[in-house]
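Only one structure is covered here, and it is reproduced in the block below.
Just so it is clear, none of the values below were taken in a lab; they were calculated from the coordinates. All values reported here derive from a predicted model rather than from experimental measurement. Cβ coordinates were reconstructed from backbone atoms using ideal geometry, including for glycine residues, and neighbour counts include every protein chain displayed.
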Amino acid sequence: MKQRLSYLLLMFVLAINAFSQHCVYDENIQTLQVVLNNDPLLPPVLKLNHSSYLTIAWDEMSHDYHRYTYRIQHCTRDWQPSEEIFESDYIRGNNNLVVEDYETSFNTTQLYTHYSLRFPNPDVNISISGNYKLLVYDEDDEESPALEVRFMVVEDEMSVSMQVSSNTDIDINNEHQQVSLNLKYGALSVINPYTQVYPVVVQNRRPSRTVAGIKPDINKAGGLEWTHCSELIFPSGTEYNKFEVLDMNEPGMNVDNIKWLDPYYHAVLWANTIPSAYITDEDRNGAFIPRTDDQENNDTQAEYHFVHFALETPRLSKDVYVSGQWSNGELDPSCKMFYNEELRCYEAAILLKQGYYDFQYLIADEDTVDNLANFWQTENEYQVFVYYKEIGGRYDRLVAYQRVNIKF
């Protein structure tokens, strides 16, 4: 049986992934990718009865073959298994399939095997909207998943529009952004909007920037509005930092140097500081794209290397983490930074695959997760998901979705 993360670590990972799209439970798995329609910048939101698809891929850090299987599970609006419907209600086809596409790495210093699957596919598809988990199991441990992918399937039965402003109910052009929503029911019957309609708003796909079940301040015929809701005021944050390692013999963007220290390459990034003013910089809101300049196959010829992060600052009162969409949640334990008293900076060395990465530094304690600074000009991605349950309905439908990238 494969070695698993400790129980406490699993609970920690689960707690911080309340609305993230994936979790990795097997410590031998790296670089989980969930890509919609071959675009790594899109969130995993499929349209019901549409040709959209997900490509799900990961690396197992050896050349040993692992027989992986995957299963689909419909979930409630808060990601619990849907207990009032049967598997046949939401699955067309089979629901315990083998991952057949895999290839070992070639000419790399670290051995790994790249596995991938496409969903939906001729063997399995989805019948209804809502939240879904795709659970991948290793035959060595068929009781506990090796990884979990979360995705959403939307049916366009309602319409929702979203606006974001830096003129908020608590400050103007300062440290916050406020979201307003306008929902139209369409042909769906809504008798009690406060129990049947459930919106979820997410900033930059972050669990700590997720607001769910917000009550509207305007209830009108045919729809709802959220215009002055304090719950929809978000800290504006800062632009993401970024780096790129495409060639192990040549430092890339924001990389100071690359060295070989047997048995790994090590890429040392230029040190960061806490920003005191807004700096315009184009980023991808936490995304990552594995790729190389000097190889033909990014999936199997990209190198794994340790990336060294440094944040120059006096010691802070909270823990500091490196974070991005690649880190399996905001506060991945492997991405926690440690303070170097001599150099007066936080440091972390994280094993990553070659490519482009957005990242930011977060500070956290038991109760909160915060950015180092907040500037109203920050470009952020916002998503709104609207769930609906008809009177007597047996599951939560996802009936409206909108995504905006706001830039002032």
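How far apart, in nanometres, would the label points at D294 and D64 be if each is projected 7 angstrom from Cα along the Cα-to-Cβ direction?
3.2 nm
How many angstrom lie between the C-alpha centres of the range 332-391 and the range 281-323?
That distance is 12 Å.
For the range 241-371, what number results from the quotient of the Cα radius of gyration and 2.2 N^0.38 Å?
1.06
How big is the charge dipole of the range 328-408 about its Cα centre, in debye rounded to the nearest 20, if each Lys and Arg gets +1 on its Cβ and each Asp and Glu gets -1 on its Cβ?
580 debye
List the GluC sites (Glu not before Pro) in the range 297-396 that DSSP assigns to loop (not H, G, I, E or B) and whose Cβ has at most 10 other Cβ atoms within 10 Å. Which are they?
Details: sites: E303, E312, E330, E341, E342, E347, E366, E379, E381, E390; in loops: E303, E330, E341, E342, E366, E379, E390.
Hits after loop and neighbour filter: E341, E342, E366.
What number do you get for the range 7-154 when its Cα radius of gyration is normalised by 2.2 N^0.38 Å, N = residues?
1.04
What FRET efficiency would be calculated for the residue pair L351, T195, taking the C-beta separation as r and a Förster radius of 51 Å, to the nearest 0.05?
Efficiency at R0 = 51 Å is approximately 0.65.
For the range 322-408, which trypsin sites (Lys or Arg not before Pro) are both in a DSSP coil and crowded by at most 16 other Cβ atoms within 10 Å?
When the trypsin sites (Lys or Arg not before Pro) of the range 322-408 are filtered for loop state and at most 16 Cβ neighbours within 10 Å, R344, R394, K407 remain.
How many lysine pairs does the chain hold where the Cα atoms are under 16 Å apart and the two sit 8 or more places apart or on different chains?
Details: K47/K133; K184/K215; K184/K220; K184/K389; K215/K389; K242/K353; K259/K353; K318/K336.
Qualifying lysine pairs in the chain: 8.
Taking the Cα centre of the chain as origin, sum charge times position over the Cβ atoms of Lys and Arg (+1) and Asp and Glu (-1), and report the length of that vector in debye to the nearest 20. Intermediate results must be reported in sequence, preceding the final value.
Working: 30 positive and 61 negative charges, 273 e Å.
Charge dipole of the chain: 1320 debye, to the nearest 20.
Can you sort T31, T368, T113 by how many other beta carbons sit within 10 Å, fewest first?
On the way: T31 22, T368 10, T113 18.
Lowest count first: T368, T113, T31.
Can you tell which of D319, D123, D299 shows the greatest fluctuation in a Gaussian network model of the chain with Cα springs below 10 Å?
D123
Compute the signed sum of charges (Lys and Arg +1, Asp and Glu -1) over the other residues within less than 13 Å, Cβ to Cβ, of L224.
Details: positive: K184, K215, K220; negative: D217, E225.
Local net charge: +1.
Using DSSP to call loops (not H, G, I, E or B), can you name the GluC sites (Glu not before Pro) in the range 43-145 whose Cβ has at most 14 other Cβ atoms within 10 angstrom?
E83, E84, E100, E139, E142, E143
Which of L111, T195, Y304 sits farthest toward the positive end of the charge dipole of the chain, with +1 on the Cβ of Lys and Arg and -1 on the Cβ of Asp and Glu?
Positive-most Cα among the choices belongs to T195.
Positive end of the dipole of the range 224-285, charges at C-beta (+1 Lys, Arg; -1 Asp, Glu), about the Cα centre: which of L246, A271, H228 has its Cα farthest in that direction?
Farthest towards the positive pole: A271.
If you look at just the Cα atoms of the chain, how large are its Rg and its Dmax in Å?
Rg and Dmax of the chain, Cα atoms, are 21.8, 68 Å.
Rounded to the nearest Å, what's the spacing between the alpha carbon centres of the range 187-218 and the range 110-186? Just the number, please.
15 Å
Taking K and R as +1 and D and E as -1, what net charge do the other residues with C-beta under 15 Å from the C-beta of K47 add up to? Mind showing how you got there, number by number?
On the way: positive: R397, R403; negative: D39, E155, D156, E157.
Local net charge: -2.
Summing Lys, Arg as +1 and Asp, Glu as -1, what charge do residues with Cβ under 14 Å from the Cβ of R394 carry, R394 excluded?
Local charge sum for R394: -3.
Give, in nm to one decimal, the length gained when the segment between E312 and E87 is fully stretched (0.36 nm per residue of separation minus the Cα-Cα distance).
75.8 nm
I'd like the FRET efficiency for N167 and D365, computed as 1/(1 + (r/R0)^6) with the beta carbon distance as r and R0 of 35 Å, rounded to 0.05. Mind showing how you got there, number by number?
Working: r = 31 Å, r/R0 = 0.87.
The value I calculate is 0.70.
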